[in-house]
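See structure below.
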Amino acid sequence: MADRHFDELATRFAEKIYGGAKGAIRLAVLQADLAEALPERPLRVLDIGAGLGHMALWLAERGHQVTLAEPAAPMLEGARQRFTEAGRAATFIEAPWQELLGRLDEPYDLVLCHAVLEWLAEPQAILPVLHQLTARDGWLSLAFYNRDALIYRNLLKGHFRKLRKQRFAGEGQSLTPQQPLDPRELEAAMAASWNIEARSGVRVFHDYMPQEFQHKAEPLDLVEMELAYRRHPAFAGLGRYLHWLCRPRE
Ligand SMILES: C[S@@+](CC[C@H](N)C(=O)[O-])C[C@H]1O[C@@H](n2cnc3c(N)ncnc32)[C@H](O)[C@@H]1O
């Protein structure tokens, strides 16, 4: 298995996701979590696997100095266009995470790694690099595809054979991630080097709603309710993605 750099097909798919409620909820949760935790001063930000640059642009518009690293040329081009249209400047690096330590020489106040781990051949291998790239008093904003949510969806759909075989990963050109992450395994792997200071679920109920109710609901109401319940102890762990805001341990 290799890391899945996004090609033309995946780029179009990602554009589509951000056009609907799913993308709106994702951005709203990530932005609310960051807005709550970050200081007012301008930060140096590195977005690893930045994709089409939605979060990077939001941060640039708030006065932060952002660098986008992304190995897939069509994704990075999409991000560049988005910045040009918004009249914002950024640094764009066409590279996978494996090349970043060799190309960057100073740690960043804020490192974003959103929806990337699940596309990697070895998701945990990136962790020490994230640590080196994050300033000692900085933040890591980590969002990943939650294996628990996938299990729960399969339970709800009665896909028991899949569950017995523990077959959750997407294969080949599938746009289901190849490595959904077990949050407890990930937390154990991070325990020595990181404090996880805030945790939210991204889409804790939207994706489980029957379609007729999904379509009937107002997008603004969906976002409001997802924000309200993103940390509810019974629902947060059901988020399709989990968002953890982490700080390096001393
Ligand atoms: C689902 S997209 C997420 C994009 C963006 N972070 C977001 O949240 O919208 C996953 C991204 O990870 C990138 N990716 C895959 N392998 C990578 C690697 N080895 N290093 C950095 N990024 C990688 C893909 O090209 C793709 O753009």
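Can you confirm whether segment 38-50 contains a residue that is in a helix (DSSP H, G or I), of a type outside the set (Phe, Trp, Tyr), touching a strand residue (DSSP E or B) at 6+ places or on another chain (Cβ under 6 Å) and surrounded by 20 or more Cβ atoms within 10 Å (Cβ to Cβ)? Checked segment 38-50: no residue is in a helix (DSSP H, G or I), of a type outside the set (Phe, Trp, Tyr), touching a strand residue (DSSP E or B) at 6+ places or on another chain (Cβ under 6 Å) and surrounded by 20 or more Cβ atoms within 10 Å (Cβ to Cβ).
Residues to consider are Glu212, Glu226, Glu197, Glu218; find the one that is touching a residue at least 40 places away in the same chain (Cβ under 8 Å), out of contact with any strand residue (DSSP E or B) (no Cβ under 7 Å at 6 or more places or on another chain) and of a type in the set (D, E, K, R).
Glu226
Restricted to strands (runs of 3 or more DSSP E) entirely inside segment 77-163, those with at least 2 residues that are within 10 Å of the ligand (Cβ to nearest atom) and under 20 Å from the mean Cα position of the chain (by Cα) are 108-114, 134-145. Taking segment 57-88 as the range and being in contact (Cβ under 8 Å) with a residue 40 or more places away in the chain, of a type in the set (A, V, I, L, M, F, W, C) and under 22 Å from Leu30 (Cα atoms) as the test, the residues that pass are Leu59, Met75. Only residues that are part of a helix (DSSP H, G or I) and among the hydrophobic types (A, V, I, L, M, F, W, C) were counted across segment 54-76, and they come to 9. Among the residues of segment 1-48, the ones that are within 9 Å of the ligand (Cβ to nearest atom) and without any contact (Cβ under 8 Å) to a residue 24 or more places away in the chain come to 1 in all.
For segment 233-250, the set of residues classified as at pLDDT 95 or above and more than 20 Å from the chain's Cα centre (by Cα) consists of Pro233, Ala234, Arg249, listed by residue number. Scanning segment 78-105 for residues that are modelled with pLDDT of 95 or more and among the acidic types (Asp, Glu) yields Glu85, Glu94, Glu99.
Could you tell me whether Ala192 is among the aliphatic types (A, V, I, L, M) and under 23 Å from Leu155 (Cα atoms)? So Ala192 fails the test. Within segment 164-184, no residue satisfies the criterion of being free of Cβ contacts under 8 Å to residues at least 24 places away in the same chain, surrounded by 12 or more Cβ atoms within 10 Å (Cβ to Cβ) and not in a loop (DSSP other than H, G, I, E, B).
Pairing each residue of segment 89-104 that is touching a residue at least 60 places away in the same chain (Cβ under 8 Å) with any residue that is near the ligand (Cβ under 8 Å from one of its atoms), provided the two are 6+ apart or on different chains, yields C-beta distances under 6 Å for Pro96/Pro71. Scanning segment 59-76 for residues that are surrounded by 15 or more Cβ atoms within 10 Å (Cβ to Cβ) and within 11 Å of the ligand (Cβ to nearest atom) yields Leu68, Ala69, Glu70, Pro71, Ala72, Pro74, Met75, Leu76.
The values are calculated or read from the model by the stated rules, or taken from the named source; none is laboratory data. Only a predicted model underlies this, so the values are computations on that prediction, with no experimental measurement involved. Cβ atoms come from the backbone with ideal geometry, glycine included; neighbour counts cover every protein chain shown.
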